[in-house]
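The values are calculated or read from the model by the stated rules, or taken from the named source; none is laboratory data. Worth saying up front: this structure is predicted, and the values here are computed from it rather than measured. As a convention, Cβ positions derive from the backbone with ideal geometry for all residues, glycine included, and neighbour counts pool all protein chains shown. Note: accessible area is taken over every heavy atom of the protein model, side chains too, but ligands, DNA and RNA are not part of it. Shrake-Rupley method; radii C 1.70, N 1.55, O 1.52, S 1.80 Å.
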Amino acid sequence: KYPAKPFSDDMFLRFARCSPGKKKFDKDASWKVMKKFDHRYLALTAEKLEKQLLTQTLFPVPELKTSDGFDVFYMRPSRYFPNETSTEEIIDNLAYCMQTMCEKEKAAAEGIGFIAYMNDWKMANFSIGYCYQFMLMLQGRIPVRVRHFLIVNPPGWFDQIWTIMKGMLAPDFRQKVHMIPEAKLGEFLASGFEELLPDDMATGKADIAKMTEDFIKFRKSIE
């Protein structure tokens with residue numbers, strides 16, 4: 001049987017293309033995602049999420065691409081505090097950004113990249129429940145394929161967190177995770193990335209406030 005609430009043809013195609021695992025168009029994997037999909041994500045808008053987006057915690061980076069041509073979204077995990085912002089809010093932020101990125105054909109068909117910039121990150125920015133829900137989203141809870149997950153400048157004690165995270169990731173997804181110092185970004189991002197990265201990174205030169213404000217303004221204009 002089809003889900004109780006129908007999807008558009010574009011969404012059916014995305015579910016098929018983005019079936020979790022190594023291969024696209026796995027009908028059983030696609031069906032599992034379809035059955036669990038929260039239709040609420042399709043109703044998210046920049047207006048509803050504006051307050052959260054303005055925290056500059058998580059957003060797409062215009063024109064930034066991985067070395068193999070995938071668009072990239074960015075997160076500054078040190079700006080998220082589980083005791084101040086609900087898990088639902090940050091997951092909605094994630095779902096919204098990933099889905100807006102998939103309005104481009106390549107992102108919808110092939111996938112996207114993700115940078116988590118870990119400077120200033122502490123245990124106060126972490127909870128197991130939030131981490132679990134976040135990892136589910138990256139691995140196909142919504143129909144988007146994440147091709148690269150770059151954890152940049154993880155603290156020296158991050159191995160403790162990685163032990164927890166690793167158990168939440170499928171073996172094939174673990175291979176997409178790279179824990180690197182900021183100096184090695186050039187091995188994963190397309191030439192000229194410094195001009196495009198947000199300026200809250202040591203190597204970034206793009207105005208992060210303008211970047212997020214422009215994103216919100218553009219999304220409001222088309223929604």
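A single member of 67, 78, 19 is in contact (Cβ under 8 Å) with a residue 40 or more places away in the chain, in contact with a Phe, Trp or Tyr (Cβ under 8 Å, 6 or more places away or on another chain) and open to solvent by 60 Å² or more (accessible area, probe 1.4 Å), and it is 67.
Of everything listed in (1) on the phi > 0 side of the Ramachandran plot; (2) outside any helix (DSSP H, G or I), the single unmet condition for residue 140 is (2).
Tell me, yes or no, whether region 159-169 has at least one residue that is assigned to a helix (DSSP H, G or I), among the acidic types (Asp, Glu), farther than 28 Å from residue 14 by Cβ and open to solvent by 60 Å² or more (accessible area, probe 1.4 Å). The answer is yes, given that some residue of region 159-169 is assigned to a helix (DSSP H, G or I), among the acidic types (Asp, Glu), farther than 28 Å from residue 14 by Cβ and open to solvent by 60 Å² or more (accessible area, probe 1.4 Å). Among residues of region 24-37 being more than 16 Å from residue 102 (Cβ to Cβ) and touching a residue at least 60 places away in the same chain (Cβ under 8 Å), the one that is least open to solvent (accessible area, probe 1.4 Å) is 29. If the condition is being more than 17 Å from the chain's Cα centre (by Cα) and either small (Gly, Ala, Ser) or over 22 Å from residue 119 (Cβ atoms) (or both), then region 167-183 contributes 167, 171, 172, 183.
For region 110-130, give me each residue that is part of a helix (DSSP H, G or I) and open to solvent by less than 10 Å² (accessible area, probe 1.4 Å). Of everything in region 110-130, just one residue is part of a helix (DSSP H, G or I) and open to solvent by less than 10 Å² (accessible area, probe 1.4 Å), namely 125.
Scanning region 44-86 for residues that are basic (Lys, Arg) and closer than 21 Å to residue 149 by Cβ yields a total of 3. Residue 65 - would you say it is basic (Lys, Arg) and outside any strand (DSSP E or B)? In short, no. Residue 85 satisfies every condition listed in (1) more than 23 Å from residue 169 (Cα to Cα); (2) open to solvent by less than 10 Å² (accessible area, probe 1.4 Å) except (2).
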